[in-house]
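Worksheet for the structure shown next.
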Amino acid sequence: MIPTFLQEKIEKAPGEKLDFAEYITTVLYHPLEGYYMKPKNKVGTKGDFITSSNVHNVYGKLFAKLMVEYFNKTLIPPVIIEVGGGNGRFAKHLLEEFKLLDTQLYGRLNYVMVETSPYHIHLQKTTIPESEPVSYFTSSGDVPESLRKGVLFSNELFDALPVHVIEYKNGTLNEVYVTIGENGELTEKSVQLDNEEIHAYINKHKLFFSEGQRMEIPLAMVEYANILGKWLHAGTIITVDYGYRFPELSNQDLKEGSLRGYYQHQLIKNPLKYPAEMDLTSHIHLDTLESCFLACKFRHVGTMRQGEFLVAAGILDYLQENQDPNPFSEKSKQNRAIRSLIMDSSWSNSFHVLIHEKGTNIWNKLIGSKPQ
(Lines give C-alpha, C1' and ligand atoms only; values in the text may rest on other atoms or scores of the structure.)
Protein backbone atom coordinates (compact mmCIF):
# COMPACT_ATOMS: atom_id res chain seq x y z
CA MET A 1 0.00 0.00 0.00
CA ILE A 2 1.31 3.43 -0.95
CA PRO A 3 1.36 5.92 1.94
CA THR A 4 -0.88 8.91 1.29
CA PHE A 5 1.95 11.47 1.54
CA LEU A 6 3.97 9.58 -1.09
CA GLN A 7 1.04 9.07 -3.45
CA GLU A 8 0.17 12.76 -3.32
CA LYS A 9 3.76 13.74 -4.03
CA ILE A 10 3.97 11.46 -7.06
CA GLU A 11 0.62 12.63 -8.43
CA LYS A 12 1.68 16.28 -8.15
CA ALA A 13 5.15 15.71 -9.70
CA PRO A 14 5.86 16.52 -13.38
CA GLY A 15 4.86 13.50 -15.41
CA GLU A 16 3.56 11.93 -12.18
CA LYS A 17 6.98 10.44 -11.51
CA LEU A 18 9.86 10.95 -9.06
CA ASP A 19 13.52 10.28 -9.75
CA PHE A 20 14.96 7.81 -7.28
CA ALA A 21 16.80 10.50 -5.34
CA GLU A 22 13.54 12.32 -4.66
CA TYR A 23 11.76 9.06 -3.89
CA ILE A 24 14.43 8.07 -1.35
CA THR A 25 14.39 11.55 0.19
CA THR A 26 10.61 11.34 0.55
CA VAL A 27 10.33 7.87 2.10
CA LEU A 28 13.34 8.25 4.39
CA TYR A 29 13.29 11.90 5.39
CA HIS A 30 9.70 13.15 5.20
CA PRO A 31 9.40 15.31 8.37
CA LEU A 32 6.60 13.21 9.87
CA GLU A 33 6.27 9.96 7.92
CA GLY A 34 9.83 9.31 6.74
CA TYR A 35 11.52 6.11 7.90
CA TYR A 36 14.33 7.90 9.74
CA MET A 37 12.11 10.60 11.16
CA LYS A 38 9.25 8.70 12.78
CA PRO A 39 9.40 7.02 16.21
CA LYS A 40 10.39 3.48 15.30
CA ASN A 41 13.26 1.26 16.44
CA LYS A 42 15.65 0.86 13.53
CA VAL A 43 18.86 -0.55 15.03
CA GLY A 44 19.30 -3.76 17.01
CA THR A 45 17.27 -6.91 17.45
CA LYS A 46 13.99 -4.98 17.52
CA GLY A 47 14.89 -2.90 14.48
CA ASP A 48 15.74 -3.56 10.84
CA PHE A 49 19.53 -3.68 10.85
CA ILE A 50 22.60 -3.72 13.10
CA THR A 51 25.67 -1.48 13.19
CA SER A 52 29.20 -2.10 14.45
CA SER A 53 28.76 0.26 17.39
CA ASN A 54 25.80 -1.78 18.60
CA VAL A 55 27.67 -5.09 18.69
CA HIS A 56 29.57 -4.29 21.91
CA ASN A 57 30.96 -1.30 23.79
CA VAL A 58 34.50 -2.36 22.82
CA TYR A 59 33.94 -0.55 19.52
CA GLY A 60 33.42 2.77 21.29
CA LYS A 61 36.26 1.99 23.71
CA LEU A 62 38.75 1.60 20.87
CA PHE A 63 37.80 4.88 19.25
CA ALA A 64 38.00 6.59 22.65
CA LYS A 65 41.59 5.38 23.01
CA LEU A 66 42.47 6.64 19.54
CA MET A 67 40.91 10.04 20.10
CA VAL A 68 42.56 10.54 23.49
CA GLU A 69 45.92 9.82 21.87
CA TYR A 70 45.09 12.09 18.95
CA PHE A 71 44.14 15.10 21.04
CA ASN A 72 47.12 14.64 23.37
CA LYS A 73 49.57 14.53 20.47
CA THR A 74 48.18 17.43 18.43
CA LEU A 75 47.09 21.02 18.92
CA ILE A 76 43.55 20.18 17.79
CA PRO A 77 41.02 21.09 20.54
CA PRO A 78 39.19 18.11 22.11
CA VAL A 79 36.02 18.30 20.03
CA ILE A 80 34.26 15.24 18.62
CA ILE A 81 31.50 15.77 16.07
CA GLU A 82 29.32 12.75 15.31
CA VAL A 83 26.99 13.11 12.34
CA GLY A 84 23.99 10.76 12.28
CA GLY A 85 24.56 9.20 15.69
CA GLY A 86 21.52 6.91 15.63
CA ASN A 87 20.54 5.70 19.09
CA GLY A 88 23.59 7.25 20.78
CA ARG A 89 25.25 4.02 21.91
CA PHE A 90 28.55 4.77 20.19
CA ALA A 91 28.76 8.17 21.89
CA LYS A 92 27.84 6.70 25.28
CA HIS A 93 30.52 3.99 25.12
CA LEU A 94 33.16 6.37 23.80
CA LEU A 95 32.50 8.99 26.47
CA GLU A 96 32.57 6.45 29.29
CA GLU A 97 35.96 5.15 28.19
CA PHE A 98 37.33 8.62 27.37
CA LYS A 99 36.67 9.73 30.95
CA LEU A 100 38.46 6.67 32.36
CA LEU A 101 41.49 7.12 30.12
CA ASP A 102 42.09 10.84 30.67
CA THR A 103 39.92 12.66 33.20
CA GLN A 104 41.70 15.99 32.66
CA LEU A 105 41.23 15.91 28.89
CA TYR A 106 37.64 14.77 29.37
CA GLY A 107 37.07 17.93 31.40
CA ARG A 108 37.78 19.99 28.26
CA LEU A 109 35.92 17.72 25.84
CA ASN A 110 33.00 18.85 23.71
CA TYR A 111 30.94 16.13 22.03
CA VAL A 112 28.70 17.44 19.25
CA MET A 113 25.78 15.39 17.93
CA VAL A 114 24.45 16.46 14.52
CA GLU A 115 21.16 14.66 13.93
CA THR A 116 18.18 15.55 11.75
CA SER A 117 15.71 13.07 13.26
CA PRO A 118 13.82 14.29 16.36
CA TYR A 119 13.24 10.67 17.35
CA HIS A 120 16.94 9.85 17.18
CA ILE A 121 17.78 12.95 19.23
CA HIS A 122 15.29 11.70 21.82
CA LEU A 123 16.98 8.28 21.83
CA GLN A 124 20.40 9.88 22.16
CA LYS A 125 19.33 12.01 25.09
CA THR A 126 17.80 8.95 26.71
CA THR A 127 20.93 6.84 26.16
CA ILE A 128 23.59 9.42 27.00
CA PRO A 129 23.55 10.76 30.60
CA GLU A 130 22.85 14.48 30.94
CA SER A 131 26.13 14.84 32.83
CA GLU A 132 28.14 14.11 29.67
CA PRO A 133 29.54 17.11 27.73
CA VAL A 134 27.20 16.64 24.77
CA SER A 135 25.39 19.27 22.72
CA TYR A 136 22.76 18.52 20.09
CA PHE A 137 22.17 20.18 16.73
CA THR A 138 19.88 19.34 13.82
CA SER A 139 22.29 20.76 11.24
CA SER A 140 26.04 21.27 10.98
CA GLY A 141 25.28 24.88 10.08
CA ASP A 142 23.92 25.43 13.59
CA VAL A 143 27.15 24.32 15.28
CA PRO A 144 29.14 27.30 16.67
CA GLU A 145 32.33 28.34 14.89
CA SER A 146 34.33 27.49 18.03
CA LEU A 147 33.49 23.79 17.60
CA ARG A 148 34.61 23.41 13.98
CA LYS A 149 38.03 21.94 14.72
CA GLY A 150 38.25 18.37 15.98
CA VAL A 151 37.38 14.84 14.89
CA LEU A 152 34.32 14.40 12.70
CA PHE A 153 33.01 10.83 12.87
CA SER A 154 30.24 9.11 10.95
CA ASN A 155 29.10 5.50 10.74
CA GLU A 156 26.84 4.49 7.85
CA LEU A 157 25.99 8.09 7.02
CA PHE A 158 26.72 8.42 3.31
CA ASP A 159 25.14 5.11 2.29
CA ALA A 160 21.77 6.43 3.52
CA LEU A 161 21.83 9.54 1.33
CA PRO A 162 19.61 9.70 -1.78
CA VAL A 163 20.97 8.43 -5.09
CA HIS A 164 19.84 8.63 -8.69
CA VAL A 165 19.47 5.33 -10.54
CA ILE A 166 20.52 4.97 -14.15
CA GLU A 167 20.52 1.99 -16.49
CA TYR A 168 22.11 1.26 -19.85
CA LYS A 169 19.82 -0.38 -22.38
CA ASN A 170 20.13 -0.73 -26.16
CA GLY A 171 23.08 1.63 -26.24
CA THR A 172 21.25 4.38 -24.34
CA LEU A 173 21.63 5.72 -20.81
CA ASN A 174 18.30 6.10 -19.06
CA GLU A 175 17.31 7.44 -15.67
CA VAL A 176 14.92 5.30 -13.66
CA TYR A 177 11.91 7.00 -12.08
CA VAL A 178 9.25 5.88 -9.61
CA THR A 179 5.61 6.18 -10.58
CA ILE A 180 2.24 4.53 -9.88
CA GLY A 181 1.25 1.72 -12.22
CA GLU A 182 -2.17 0.84 -13.58
CA ASN A 183 -2.64 -1.61 -10.71
CA GLY A 184 -2.18 1.18 -8.18
CA GLU A 185 1.24 -0.10 -7.04
CA LEU A 186 4.60 1.60 -7.18
CA THR A 187 6.51 0.79 -10.34
CA GLU A 188 9.52 2.00 -12.32
CA LYS A 189 9.66 4.04 -15.50
CA SER A 190 12.82 4.61 -17.54
CA VAL A 191 13.41 7.86 -19.44
CA GLN A 192 16.41 8.82 -21.55
CA LEU A 193 18.94 10.53 -19.30
CA ASP A 194 18.88 14.32 -19.54
CA ASN A 195 20.28 15.28 -16.11
CA GLU A 196 23.42 17.32 -16.81
CA GLU A 197 24.86 16.74 -13.32
CA ILE A 198 24.66 12.98 -13.82
CA HIS A 199 26.26 13.27 -17.27
CA ALA A 200 29.05 15.38 -15.75
CA TYR A 201 29.60 12.80 -12.99
CA ILE A 202 29.82 9.95 -15.52
CA ASN A 203 32.25 11.88 -17.73
CA LYS A 204 34.41 13.08 -14.85
CA HIS A 205 34.94 9.59 -13.49
CA LYS A 206 35.03 7.89 -16.92
CA LEU A 207 32.34 5.38 -16.02
CA PHE A 208 31.47 2.66 -18.50
CA PHE A 209 28.38 0.48 -18.68
CA SER A 210 27.53 -2.95 -20.03
CA GLU A 211 24.19 -3.77 -21.59
CA GLY A 212 21.47 -3.92 -18.94
CA GLN A 213 23.68 -2.52 -16.17
CA ARG A 214 22.28 -0.35 -13.40
CA MET A 215 24.23 2.07 -11.26
CA GLU A 216 23.55 4.55 -8.47
CA ILE A 217 24.85 8.09 -8.94
CA PRO A 218 25.52 9.72 -5.53
CA LEU A 219 25.06 13.41 -6.23
CA ALA A 220 23.77 14.02 -2.68
CA MET A 221 26.88 12.37 -1.22
CA VAL A 222 29.11 14.67 -3.26
CA GLU A 223 27.18 17.72 -2.07
CA TYR A 224 27.21 16.73 1.60
CA ALA A 225 30.85 15.62 1.59
CA ASN A 226 31.82 19.02 0.18
CA ILE A 227 29.77 20.73 2.90
CA LEU A 228 31.45 18.74 5.69
CA GLY A 229 34.91 19.08 4.15
CA LYS A 230 34.60 22.87 4.06
CA TRP A 231 32.84 22.99 7.43
CA LEU A 232 35.65 21.34 9.44
CA HIS A 233 38.48 23.85 9.55
CA ALA A 234 41.10 21.46 10.92
CA GLY A 235 41.30 17.99 12.40
CA THR A 236 40.25 14.57 11.13
CA ILE A 237 37.31 13.08 9.26
CA ILE A 238 36.72 9.40 10.07
CA THR A 239 34.15 7.74 7.82
CA VAL A 240 32.87 4.20 8.38
CA ASP A 241 30.75 2.95 5.51
CA TYR A 242 30.50 0.31 2.82
CA GLY A 243 31.27 0.93 -0.81
CA TYR A 244 33.15 0.06 -3.99
CA ARG A 245 36.01 1.29 -6.12
CA PHE A 246 35.11 2.34 -9.67
CA PRO A 247 36.72 -0.76 -11.29
CA GLU A 248 34.51 -2.96 -9.09
CA LEU A 249 31.33 -1.42 -10.51
CA SER A 250 31.72 -3.51 -13.66
CA ASN A 251 31.58 -6.76 -11.69
CA GLN A 252 28.78 -9.06 -12.74
CA ASP A 253 27.32 -9.23 -9.22
CA LEU A 254 26.79 -5.44 -9.35
CA LYS A 255 25.03 -5.43 -12.71
CA GLU A 256 21.71 -4.67 -11.00
CA GLY A 257 23.24 -1.97 -8.80
CA SER A 258 23.46 -1.94 -5.01
CA LEU A 259 20.30 -0.11 -3.91
CA ARG A 260 18.60 -2.34 -1.34
CA GLY A 261 16.18 -2.24 1.54
CA TYR A 262 16.49 -3.68 5.03
CA TYR A 263 13.31 -4.72 6.79
CA GLN A 264 13.26 -6.70 10.04
CA HIS A 265 16.84 -7.86 9.39
CA GLN A 266 15.99 -9.12 5.92
CA LEU A 267 17.61 -7.80 2.75
CA ILE A 268 14.90 -6.61 0.35
CA LYS A 269 16.03 -6.33 -3.28
CA ASN A 270 13.01 -4.31 -4.36
CA PRO A 271 13.49 -0.72 -3.07
CA LEU A 272 9.82 0.06 -3.76
CA LYS A 273 8.59 -2.47 -1.24
CA TYR A 274 7.50 -1.26 2.22
CA PRO A 275 7.85 2.49 1.39
CA ALA A 276 8.70 4.51 4.53
CA GLU A 277 8.72 1.28 6.56
CA MET A 278 12.21 0.02 5.69
CA ASP A 279 15.72 1.36 5.44
CA LEU A 280 17.12 2.08 1.99
CA THR A 281 20.83 2.01 1.35
CA SER A 282 23.39 1.75 -1.45
CA HIS A 283 27.14 1.21 -1.54
CA ILE A 284 29.03 4.47 -1.81
CA HIS A 285 31.64 5.30 -4.43
CA LEU A 286 34.80 5.30 -2.33
CA ASP A 287 36.91 7.06 -4.97
CA THR A 288 34.41 9.91 -5.15
CA LEU A 289 34.24 10.45 -1.40
CA GLU A 290 38.03 10.50 -1.16
CA SER A 291 38.29 13.03 -3.99
CA CYS A 292 35.71 15.29 -2.33
CA PHE A 293 37.72 15.54 0.89
CA LEU A 294 40.97 15.96 -1.06
CA ALA A 295 39.39 18.91 -2.87
CA CYS A 296 38.66 20.41 0.56
CA LYS A 297 42.40 20.33 1.38
CA PHE A 298 42.33 17.20 3.52
CA ARG A 299 45.12 14.65 3.27
CA HIS A 300 43.96 11.13 2.54
CA VAL A 301 45.64 8.99 5.19
CA GLY A 302 44.11 5.83 3.78
CA THR A 303 41.14 3.54 3.33
CA MET A 304 41.01 -0.01 4.66
CA ARG A 305 38.60 -2.76 5.59
CA GLN A 306 37.09 -2.24 9.02
CA GLY A 307 38.57 -5.46 10.41
CA GLU A 308 42.06 -4.47 9.27
CA PHE A 309 41.65 -1.01 10.72
CA LEU A 310 40.47 -2.32 14.10
CA VAL A 311 43.44 -4.70 14.34
CA ALA A 312 45.88 -1.94 13.33
CA ALA A 313 44.27 0.34 15.92
CA GLY A 314 44.80 -2.20 18.71
CA ILE A 315 41.51 -4.01 19.23
CA LEU A 316 43.34 -7.26 19.96
CA ASP A 317 44.59 -5.63 23.17
CA TYR A 318 41.02 -5.93 24.43
CA LEU A 319 40.92 -9.70 24.02
CA GLN A 320 40.91 -11.30 27.45
CA GLU A 321 42.13 -14.69 28.56
CA ASN A 322 38.90 -16.41 29.23
CA GLN A 323 38.63 -19.45 31.46
CA ASP A 324 35.02 -18.62 32.30
CA PRO A 325 32.79 -21.49 31.10
CA ASN A 326 29.82 -19.09 31.13
CA PRO A 327 29.26 -17.98 27.51
CA PHE A 328 27.18 -15.04 28.76
CA SER A 329 29.89 -13.54 30.93
CA GLU A 330 31.17 -10.08 30.02
CA LYS A 331 34.57 -11.50 29.05
CA SER A 332 32.97 -14.04 26.73
CA LYS A 333 30.73 -11.42 25.15
CA GLN A 334 33.62 -9.02 24.55
CA ASN A 335 35.83 -11.69 23.03
CA ARG A 336 33.05 -12.84 20.72
CA ALA A 337 32.34 -9.25 19.69
CA ILE A 338 35.98 -8.65 18.81
CA ARG A 339 36.12 -11.79 16.70
CA SER A 340 32.91 -10.84 14.90
CA LEU A 341 34.34 -7.42 14.10
CA ILE A 342 37.67 -8.58 12.66
CA MET A 343 37.07 -11.95 10.98
CA ASP A 344 37.50 -11.88 7.20
CA SER A 345 34.15 -13.64 6.76
CA SER A 346 32.33 -11.26 9.09
CA TRP A 347 29.68 -8.78 7.91
CA SER A 348 31.90 -6.18 9.59
CA ASN A 349 34.48 -6.48 6.84
CA SER A 350 32.01 -5.25 4.24
CA PHE A 351 32.71 -1.85 5.79
CA HIS A 352 35.61 0.45 5.05
CA VAL A 353 37.22 3.04 7.30
CA LEU A 354 38.36 6.21 5.54
CA ILE A 355 40.65 8.66 7.33
CA HIS A 356 41.36 12.20 6.17
CA GLU A 357 43.17 14.86 8.16
CA LYS A 358 43.92 18.57 7.83
CA GLY A 359 46.41 20.48 9.96
CA THR A 360 47.88 17.34 11.54
CA ASN A 361 49.99 14.40 10.40
CA ILE A 362 49.58 11.82 13.13
CA TRP A 363 47.22 9.04 12.08
CA ASN A 364 49.84 6.80 10.51
CA LYS A 365 51.46 6.56 13.93
CA LEU A 366 48.19 6.05 15.81
CA ILE A 367 47.11 3.01 13.86
CA GLY A 368 50.54 1.45 13.58
CA SER A 369 50.73 1.24 9.80
CA LYS A 370 49.48 3.12 6.80
CA PRO A 371 46.10 1.91 5.51
CA GLN A 372 46.06 0.74 1.90
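The values are calculated or read from the model by the stated rules, or taken from the named source; none is laboratory data. None of the values given here were measured: they were computed from a predicted structure. All Cβ positions, even for glycine, are placed from backbone atoms using ideal geometry, and neighbour counts span all protein chains on display.
Things worth noting here:
- As a summary of the residue check, G85 satisfies the conditions (1) outside any helix (DSSP H, G or I); (2) modelled with pLDDT under 90 except for the one numbered (2).
- Identity of the residue in segment 278-297, in a loop (DSSP other than H, G, I, E, B) and either more than 19 Å from the chain's Cα centre (by Cα) or of a type in the set (S, T, N, Q) (or both), that ends up nearest to F351 (Cα to Cα): S282
- Exactly one residue among Q213, Q266 is surrounded by 18 or more Cβ atoms within 10 Å (Cβ to Cβ), more than 15 Å from the chain's Cα centre (by Cα) and either of a type in the set (K, R) or on the phi < 0 side of the Ramachandran plot (or both), and that residue is Q213.
- Some residue of segment 126-135 being touching a residue at least 24 places away in the same chain (Cβ under 8 Å), closer than 17 Å to W231 by Cα and in a strand (DSSP E or B): no
- For segment 273-291, the set of residues classified as buried (at least 22 other Cβ atoms within 10 Å of the Cβ), under 21 Å from F246 (Cβ atoms) and not aliphatic (A, V, I, L, M) consists of T281, S282, H283, H285, listed by residue number.
- Of the criteria (1) touching a His at 6+ places or on another chain (Cβ under 9 Å); (2) not in a strand (DSSP E or B), which one E216 fails: (2)
- Single condition V165 does not satisfy, out of (1) at pLDDT below 95; (2) crowded, with 20+ Cβ neighbours inside 10 Å; (3) under 30 Å from L254 (Cα atoms); (4) not basic (K, R): (1)
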